[in-house]
Amino acid sequence: MKAIVFDTETTGRVEPRITEVAYVGYNTTREVEFNQRYNPEKPIELGAMAVTHICNEDLIDCPSYKEFKLPEGIEYLIGHNIDYDWEVIDKPDVKRIDTLAISRHLFPDLDSHTQSAMLYYFYGVDARNMVKEAHSALCDVINCRLLLNKLIHKIALLGHSINDMEQLWEFSEKARIPTHLTFGKHKGKSIQEVWETDKGWVYWLLKQPEVDPYLRLALEVLK
């Protein structure tokens, strides 16, 4: 098993720690399913609690968050906004495949690219039942695997063959370099359009210390 679809639930925005981990195998003949809650050894933020419905009391007897480790042999982590989950488990040495980036790349005109929104796009009313337990880690990874299959089918319709995990990772890496902005006063506009109409803002953004590295690549090309 080289690739897993992976998701975490965490304590919140400030120095997050895992409260739940789930993963399922991808592109393997052996079905793998893992779901475990962990004691983060710090209070869960109210905002996170309201999303995940995991409370501090639920985790008292769970193993410490420090005990989680990826299974041996994993080369690829797949997830929706996978960088967040990768960072919260201390950035293991694996390649990341981001279904959020692929969704934005393939469907730039959609008004939302959340995992639930993409499921509604592909499955219509049937998605209602699929997302009832969204933000449960196991539900999220099962849904993410379904979403990824749809995205790969769309990639094939566009004439690009994905024959192995390395090709999928390469496509994800290209998809991470955005063509449109997803925040700020130019949200929704193409980067090329913003460069042509507001170069000053682009130069200002490039000076900011925490610009996403893939966005920085897209902006640097224009200079």
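The values are calculated or read from the model by the stated rules, or taken from the named source; none is laboratory data. Bear in mind the structure is a predicted one, so any value in this text is a computation, not a measurement. Note that each Cβ is placed from the backbone with ideal geometry, even for glycine, and that neighbours are counted across all protein chains shown.
Quick look at the numbers
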| item | result |
| --- | --- |
| Pair list, Cβ under 9 Å, 6 or more apart: region 200-211 residue in a loop (DSSP other than H, G, I, E, B), other residue of a type in the set (A, V, I, L, M) | 211/205; 211/219 |
| Residue in region 90-111 that is among the basic types (Lys, Arg) and assigned to a loop (DSSP other than H, G, I, E, B) present | yes |
| Index of the failed condition, residue 169 passing every other in (1) farther than 28 Å from residue 3 by Cα; (2) part of a helix (DSSP H, G or I); (3) modelled with pLDDT of 90 or more | (1) |
| Contacts under 6 angstrom Cβ, first residue in region 116-132 being free of Cβ contacts under 8 Å to residues at least 24 places away in the same chain, partner of a type outside the set (A, V, I, L, M), 6 or more apart | 127/120; 130/143; 131/116 |
| Whichever residue in region 27-59 is touching a strand residue (DSSP E or B) at 6+ places or on another chain (Cβ under 7 Å) and β-branched (Val, Ile, Thr) and, among such residues, is surrounded by the fewest Cβ atoms within 10 Å (Cβ to Cβ) | 32 |
| Inter-residue pairs, beta-carbon under 8 Å, first over 14 Å from residue 35 (Cβ atoms) and in region 133-153, second of a type in the set (D, E, K, R) and part of a helix (DSSP H, G or I), 6+ apart | 134/140 |
| Test: residue in region 47-69 that is under 17 Å from residue 138 (Cα atoms), in the same structural domain as residue 7 (by TED's automatic domain parsing), among the small types (Gly, Ala, Ser) and at pLDDT 95 or above | yes |
| Any chance residue 174 is surrounded by fewer than 18 Cβ atoms within 10 Å (Cβ to Cβ), touching a residue at least 60 places away in the same chain (Cβ under 8 Å) and within 18 Å of residue 80 (Cα to Cα) | yes |
| Residue check for residue 118: farther than 16 Å from residue 103 by Cα, of a type outside the set (S, T, N, Q) and in the same structural domain as residue 50 (by TED's automatic domain parsing) | no |
